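The values are calculated or read from the model by the stated rules, or taken from the named source; none is laboratory data. Remember, it's a predicted structure, so these values are computed and weren't measured experimentally. Note that each Cβ is placed from the backbone with ideal geometry, even for glycine, and that neighbours are counted across all protein chains shown.
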Amino acid sequence: MKTLSLGYSPCPNDTFIFYALTQGVIDTGDLKFKEILLDVETLNQKALNTELDITKISYHAFGRLRDNYVLLRAGSALGRGCGPLVVAKHNYTMSDLQDKKIAIPGKLTTAFLLLQLYDPAFRAGLKPSPTLAPGPLPPASVFIPMPFDRIMDAVANEDVDAGLIIHESRFTYPSYGLKQVIDLGEWWEKETGLPVPLGGILARKSLGNDLIKQIDAYIRSSVQYAFSHRAEPMEYIKKHSQELSDNVIEQHINLYVNNYSIDIGAEGEKAVREFLSRAEDAGIIPKVER
C-alpha cells in the first residue's frame, strides 16, 4: 500500500470532490490518500516547498509551481458567475480604493491576481513602469493578507476599507452590511469570453507519468461518484464546514463543482493558458518556455 499526501480545503466544493477518494468509498487499488485539510493559501505555500504529493492550489500559485508540479485534468474549479468580489462598507469605486487598505485572502490567490490584472494600480510590490512620467509615484493601496473567513468582519468593523472575498463569502456578504464594488469574475468573463480559472489540482512530477494518470482517474471517479450520490457526502462536508447552513453548502457546491471538475476540457485549458499568459506579460509570475 502506497500512501500519498493530498491537500485540499475544508470548503464544501473540495470535501464534495474528495469524499469518495479519501473515505474509502471507491476502489483505489494499492494507493491510499492521506487528507490534509488547510485553507488554499496555506496549501499554495506548502506547494512552493514541494511538501505535498497532490494538492489543490490557486491558479495564481500554479504560475510559480510549473517546475515541480503538473496540473491534473480532474478536480479543477473553473466556471462562470463564480469569481471573487471586492466589497466595502461604504460607496467606494475601484478608483477610490487605489490608496486604501484592502484585505486579501492571500498573495498567491487567484483573486489577488485577478485584482492585479484588472488594473495595474493594484500590482503590489511591482516596480513602476519605466514609461511613467517622472515625478512622485501615486499613493499605493495597502494589501493585508488574512484568512478568507475573517475578511468580512474586518471590513464591517472598518479595520480595512475593502475586502477581496472568495468562497461562500460570495453568498453571505450582504448580511455583514457590505456592498459589492466589483465582480472580478464578471470583468474577466467580459474581457476574455472565458470561464474564470480559480483553482486546480496538482501532482508532483516526480511521481511519474503512469502514477499521475492513475491518480487523475481516481479523482475523476470521486467527482462522478459525488454527483451520482449527492446526499451521501453531506455528513463529511458538514463536519468541515460547521458554520455553514445547508442552503449555503448547496449553493457553494453548485457554483464551484461542475463539468470542468470532471475534466478541464479544451475551454478550461484555454482559460488557464490565457490567465497565466496575462500574468506573465504583466510581470506578476515568471515566464516559462512553451
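With a requirement of 1 or more residues that are acidic (Asp, Glu), the helices (runs of 4 or more DSSP H) lying completely within the range 1-118 that satisfy it span 12-22, 40-48. If the condition is being in a loop (DSSP other than H, G, I, E, B), surrounded by 16 or more Cβ atoms within 10 Å (Cβ to Cβ) and not acidic (Asp, Glu), then the range 155-208 contributes 160, 166, 167, 178, 194, 195.
Out of 148, 171, I need the residue that is under 22 Å from the mean Cα position of the chain (by Cα), more than 22 Å from residue 97 (Cα to Cα) and aromatic (Phe, Trp, Tyr). Which one?
171
Conditions tested, residue by residue: (1) of a type in the set (Ser, Thr, Tyr); (2) at positive phi; (3) not assigned by TED's automatic domain parsing to the domain that holds residue 217.
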site: 15; (1), (2), (3): yes, no, no
site: 20; (1), (2), (3): no, no, no
site: 50; (1), (2), (3): yes, yes, no
site: 60; (1), (2), (3): no, no, no
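Apart from one condition, residue 187 fits all of (1) in contact (Cβ under 8 Å) with a residue 60 or more places away in the chain; (2) more than 17 Å from the chain's Cα centre (by Cα); the exception is (2). Taking the criterion of being of a type in the set (D, E, K, R), modelled with pLDDT of 85 or more and not in a helix (DSSP H, G or I), would at least one residue in the range 120-142 satisfy it? Within the range 120-142, not a single residue is of a type in the set (D, E, K, R), modelled with pLDDT of 85 or more and not in a helix (DSSP H, G or I). Take the conditions (1) in the same structural domain as residue 97 (by TED's automatic domain parsing); (2) under 27 Å from residue 261 (Cα atoms); (3) β-branched (Val, Ile, Thr); residue 219 misses just one of them, which is (1).
Quick check on the range 176-183. Is at least one of its residues hydrophobic (A, V, I, L, M, F, W, C) and closer than 23 Å to residue 44 by Cβ? No.
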